[in-house]
Amino acid sequence: MSCCFSRPLLSLQAALLVLLMAANATAWADTLSLRTAAQDNNVLKYDPKNPQKPGICVEVIQAIERMDPGIRFTGWDVPRSLPWIEQRLAGGELDVFCALIKNSDRDARYGFIEVPVYTVRHRIAVRRDDAVDVTSFDDIRKLGADGVVIVGRGTAHESHLKAQGGLLLELSSGSTDVNLRLLVGKRGRLLYHTENALLRYIEDGHLEDKVRLLPTVFKSEALLFAVSNAVLPASRERLRLALTRLSQRGELARIYMGYKEG
């Protein structure tokens, strides 16, 4: 008896499967518009006026849009300060932001997609004529008043250095190029930042004869896509899938390597 119903049953299952696939395809084809912004004073991530190297995040955003043509980012060419960006992410006025370091304070205000956009290494820049060499935070503490560390105000780097305790910090609201000028001008003895950014701004500022990097890597960590808690789970998953595919295909690594030497 069962043989009499097998063909109609299979046909019904096939029809339902086709309908389900069509529904999913329609939903996936819908345009997902994500509001974002560019980080000002950070040409490593956002430099849209440079056609050869428009910035890691600009290239990643373009790669996501190619991977999933239904995803569209708006505002990625509008420079904003990092505090402004973080405030809007927490308030739901921005949907996403490319490449932030995750820490407990940020994680309490908005979420992250756990697919590394790229990984940075923290190093210290010093004046080229300064023979100082530090390999740990203890070494910096031992310098006392001669161990002032320049760091960007309101950054994850500031939070990390403050968590170490006992460090004398010169907090700067300027960009990396401004901070390098502060270093050269002896406003501090050490400048703490990410390796790639330091190399890029040293090169752009023609400071190779005035500034050098110490060899020690103080920390390595991933930069992630930050996502407002107001973004729907399905939209977040769609972005996560696009990033995962780009990572698996080596596209994120390829983009990063293009900026590895600054």
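The local environment of Leu82, defined by Cβ-Cβ distances under 10 Å, has a net charge of 0 under the rule Lys, Arg +1 and Asp, Glu -1.
Computed from backbone phi, the HN-Hα couplings of the range 96-103 come to 9, 8, 7, 6, 10, 7, 7, 9 Hz, rounded to whole numbers (Karplus: 6.51 cos²θ - 1.76 cosθ + 1.60, θ = phi - 60°; Gly and Pro given as x).
Taking amide H positions as modeled 1.01 Å from N, with prolines and chain starts lacking one, the residues under 5 Å from Ile71 and 5 or more places away or on another chain are Leu32. For the set His122, His160, the ranking by accessible area, highest first and with no ligand, DNA or RNA atoms included, is His160, His122 under a 1.4 Å probe. Backbone phi angles across the range 119-134, fed through the Karplus curve with coefficients 6.51, -1.76 and 1.60 (θ = phi - 60°), yield HN-Hα couplings of 10, 10, 10, 8, 9, 10, 9, 9, 5, 5, 8, 9, 7, 4, 8, 10 Hz in residue order; Gly and Pro are listed as x. Put a plus charge on the Cβ of each Lys and Arg, a minus charge on the Cβ of each Asp and Glu, and nothing anywhere else: the dipole of the chain about its Cα centre is then about 220 debye.
For the range 197-259, the fraction of 1.4 Å probe accessible surface lying on carbon and sulfur atoms is 54 percent. Less than 5 angstrom separates the built amide H of Asp47 from those of Gly55, Val58, all sequence-distant by 5 or more or on a different chain.
Taking a Cβ cut-off of under 15 Å around Ser159, the surrounding Lys, Arg, Asp and Glu residues balance to a net charge of +1, with basic ones at +1 and acidic ones at -1.
May I ask you to compute the full-extension gain from Ser247 to Asp209, defined as 0.36 nm times their residue separation minus their alpha-carbon distance, rounded to one decimal in nm? Display every interim value, and only then the final one.
Values: separation 38, 0.36 × 38 = 13.68 nm, distance 3.71 nm.
Gain on stretching Ser247 to Asp209: 10.0 nm.
Accessible area per residue was computed with a 1.4 Å probe on protein heavy atoms; Thr135 scores about 80 Å². Amide H to amide H distances under 5 Å link Leu169 with Val149, where only residues 5 or more positions off or on other chains count and H is placed in the peptide plane. Note on Leu168: accessible area approximately 80 square angstrom, rounded to 10, probe 1.4 Å, nucleic acids and ligands left out.
Each residue of the range 44-59 was assigned a 3J(HN,Hα) from its phi angle through the Karplus curve 6.51 cos²θ - 1.76 cosθ + 1.60 (θ = phi - 60°); the sequence is 5, 9, 9, 8, x, 7, 9, x, 6, 9, x, x, 4, 5, 4, 5 Hz, with glycine and proline shown as x. In the assembled protein chains, Ser104 presents an accessible area of approximately 100 Å² (probe radius 1.4 Å). Straight-line cross-link partners of Lys142 among the lysines, defined as a Cα under 21 Å from its Cα and at least 8 positions apart when in the same chain: Lys162, Lys186, Lys219. With Kirkwood's inverse mean 1/r over C-alpha pairs for Rh, give me the Rg to Rh ratio of the chain, two decimals please. So for the chain, dividing Rg by the Kirkwood Rh gives 1.13. Based on protein heavy atoms only, the chain ends up with 51 Å² per residue of surface accessible to a 1.4 Å probe.
The values are calculated or read from the model by the stated rules, or taken from the named source; none is laboratory data. What you see is a predicted model; the values in this text were computed from it and never measured. As a convention, Cβ positions derive from the backbone with ideal geometry for all residues, glycine included, and neighbour counts pool all protein chains shown. Heavy atoms of the whole protein, side chains included, go into the accessibility calculation; ligands, DNA and RNA do not. Shrake-Rupley method; radii C 1.70, N 1.55, O 1.52, S 1.80 Å.
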